[in-house]
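A quick write-up on the structure given underneath.
The values are calculated or read from the model by the stated rules, or taken from the named source; none is laboratory data. Just so you know, these numbers come straight off a predicted model, no measurement behind them. As a convention, Cβ positions derive from the backbone with ideal geometry for all residues, glycine included, and neighbour counts pool all protein chains shown.
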Amino acid sequence: MKVKIRRTVFLWVVLLLPYFLIVSYIAYKYCTDISKTKAAFLIISKDTMTLSIYDDNGDTLGIFNIACGKNAGNKEEIGDLRTPEGIFPIVDIQDASKWTHDFGDGKGYIDGAYGSHFIRLGTNFKGIGIHGTHDSASIGKRVTEGCIRLNNNDLLKLIEYVKVGIPVVIIPSKEDIQ
């Protein structure tokens, strides 16, 4: 009799445990962090001057206006003031709230030049990334030293979606190809 009870309990555990584990996993997956779907990839268009966030299904999660490199074309060397084109992973997300920068315009070092964060891209060039700005009027123009610049509020929204490792695709404009 005891053997039969043990066998019955064992069968119930073997049959029901996987079911409960699967249900628990599904509940956890869909009940945590449902407020924000994470980005699967970003596409930056130098033609439309936009950064678009996409999820795993290819659905658009957000579109933001950007500024990019002063000079047209694909980045070839440090200091050419061009934004690189291609596919680059996010390699780091840094707190840039205390960073300063001298733009060489005679104004000296500017506090808050990069906004709250610097999203570093894995390019062949040091210091290329996505960041905020101290000059929101620059958005939509070719004014950067090679980085992608966003309004600070848009950067804060973007930070909620991205993580290290996701790919960023930077597409040239017609002007960049000529």
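Brief remarks follow.
- Evaluation of Gly129 against (1) crowded, with 16+ Cβ neighbours inside 10 Å; (2) farther than 15 Å from His101 by Cβ; (3) at pLDDT 95 or above (one fails), failing number: (2)
- Residue list for segment 64-99, restricted to those being closer than 26 Å to Gln178 by Cα and of a type in the set (Lys, Arg): Lys70, Lys75, Arg82
- Applying the condition of being within 16 Å of the chain's Cα centre (by Cα) and charged (D, E, K, R) to segment 121-178 and asking which residue is nearest to Pro89 (Cα to Cα) yields Lys163.
Every residue, every condition in (1) closer than 22 Å to Asp47 by Cβ; (2) aromatic (Phe, Trp, Tyr); (3) touching a residue at least 40 places away in the same chain (Cβ under 8 Å), yes or no:
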position: Asp95; (1), (2), (3): no, no, no
position: Phe125; (1), (2), (3): yes, yes, yes
position: Thr133; (1), (2), (3): yes, no, yes
position: Ser138; (1), (2), (3): yes, no, yes
position: Cys147; (1), (2), (3): yes, no, yes
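Every residue, every condition in (1) surrounded by 15 or more Cβ atoms within 10 Å (Cβ to Cβ); (2) modelled with pLDDT of 95 or more, yes or no:
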position: Thr123; (1), (2): yes, no
position: Leu155; (1), (2): yes, yes
position: Ile170; (1), (2): yes, yes
position: Glu175; (1), (2): no, no
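- Residue in segment 52-65 that is crowded, with 20+ Cβ neighbours inside 10 Å, in contact (Cβ under 8 Å) with a residue 24 or more places away in the chain, of a type in the set (A, V, I, L, M, F, W, C) and under 18 Å from Arg142 (Cα atoms) present: yes
- Meets criteria (farther than 17 Å from Ile177 by Cβ, modelled with pLDDT of 95 or more and among the hydroxyl-bearing types (Ser, Thr, Tyr)) for Ser45: no
- Of residues in segment 132-153 being basic (Lys, Arg) and out of contact with any His (no Cβ under 9 Å at 6 or more places or on another chain), the one surrounded by the fewest Cβ atoms within 10 Å (Cβ to Cβ): Lys141
- Residue check for Thr100: of a type in the set (Ser, Thr, Tyr) and surrounded by 20 or more Cβ atoms within 10 Å (Cβ to Cβ): no
- Residue that is farthest from Ala39 (Cα to Cα), among those in segment 75-113 that are in a strand (DSSP E or B) and hydrophobic (A, V, I, L, M, F, W, C): Ile110
- Subset of segment 161-177 [outside any helix (DSSP H, G or I) and either of a type outside the set (Ser, Thr, Tyr) or without any contact (Cβ under 8 Å) to a residue 12 or more places away in the chain (or both)]: Val162, Lys163, Val164, Gly165, Ile166, Pro167, Val168, Val169, Ile170, Ile171, Pro172
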